[in-house]
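Taking it in order: structure first as structure tokens, then the write-up.
The values are calculated or read from the model by the stated rules, or taken from the named source; none is laboratory data. Nothing here was measured: the structure is a model prediction, and the numbers come from that model. All Cβ positions, even for glycine, are placed from backbone atoms using ideal geometry, and neighbour counts span all protein chains on display.
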Amino acid sequence: MYRTVSVSLVEMPEHSKSGTAFRKRLLAWHDVHQRDLPWRRTRDPYHILVSEIMLQQTRVAAVIPFYERFLRLFPTAAALARARETTVLRAWAGLGYYSRARNLQAAAKQIARNGFPQTYEAALALPGIGPYTAAAVMSIACGQSHAAVDGNVRRVLSRLLADHRAGQADADALLDRRRPGDFNQAMMELGATVCLPGTPKCGECPVSRYCVAKRLGQVDLYPARKAKRATESVTIRWAFVERDGKVLLAPPKNDGLWRGFWTLPEIPLKAAHLAARIRHAVTFRKIEIEVYTGQVQGNAAGWEAVPTARLKIIPLATPVRKFLAQWKNA
Ligand code: SF4
């Protein structure tokens, strides 16, 4: 039944009066109300790519300082391609989800070699780039007509159409083909600032007259709530051994939770003393790290005594940084 109600808005986008009026209203609202964000002041596709990768799973406010610092360090794809992975990971430290940084550098290497992709399909072939990011970058930087559907946009569509299945096809139909980049950003902005996940601000919504869920009084039914993955608790025990201006560290590994990062070594310790508990969350894992001080027992092969002066310049896992900051202030 709800699909029938939404036909006039979406299913004949080129010809529908309401589709055209919807686009006009949304874009007019966006032109006035959009937030001033650093990546909106550029059309450099590499800069937009960096912002889109950082914005995956990270809030806008948290991304801004990282984005600005990252582009000061690596202003071009060629500069990022040339950098050492440890330098890139250090610049990323604090943003989490480090596979994004590795993929971004792998993408930068391809861009430095072949130039920035000219098509959506070529962008999609870059490492770590999915349909949303490819559509966002190609529409915003290159003005190509591809609808970008992230979580915010899916929620807006689901409510506008009162349809749990609303997604890419609806976004494609609704897209403004004259201003695809602005339209995509307007849909995202609407989701981020007005059509919020909890309680949407329908009174401030520029397109409320087209919203089927609002008309039906069923805004709270859309989108369907997903069952959350159960949280897993993990306890890790690390040793903190400092002697002669050096700290014992475990070098980075190619797999596991701290892939690519130095950590404190896992114990056993002799005469251990619990020095700190650090809490850290990675996706669905709640990690409690107990840090012990004491003397190392047995073979410490594979661990390295690293001068404390170097701790600032090597990529340390975030909980190690947290511990060292606490230890210094204790
Ligand atoms: Fe979202 Fe409310 Fe606007 Fe509908 S009217 S799109 S639910 S903010």
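Take the residues in the range 226-258 that are exposed (fewer than 15 other Cβ atoms within 10 Å of the Cβ) and touching a helix residue (DSSP H, G or I) at 6+ places or on another chain (Cβ under 8 Å); name whichever of them is farthest from Q56 (Cα to Cα).
Only one residue tops the list, namely G245.
For C142, which of the numbered conditions (1) more than 16 Å from the ligand (Cβ to nearest atom); (2) modelled with pLDDT of 95 or more; (3) closer than 27 Å to V219 by Cβ fails to hold?
Exception for C142: condition (3).
Has the range 198-218 got any residue that is aliphatic (A, V, I, L, M), within 9 Å of the ligand (Cβ to nearest atom), farther than 23 Å from Q34 by Cα and in contact with an Asp or Glu (Cβ under 9 Å, 6 or more places away or on another chain)?
The answer is yes; a qualifying residue exists.
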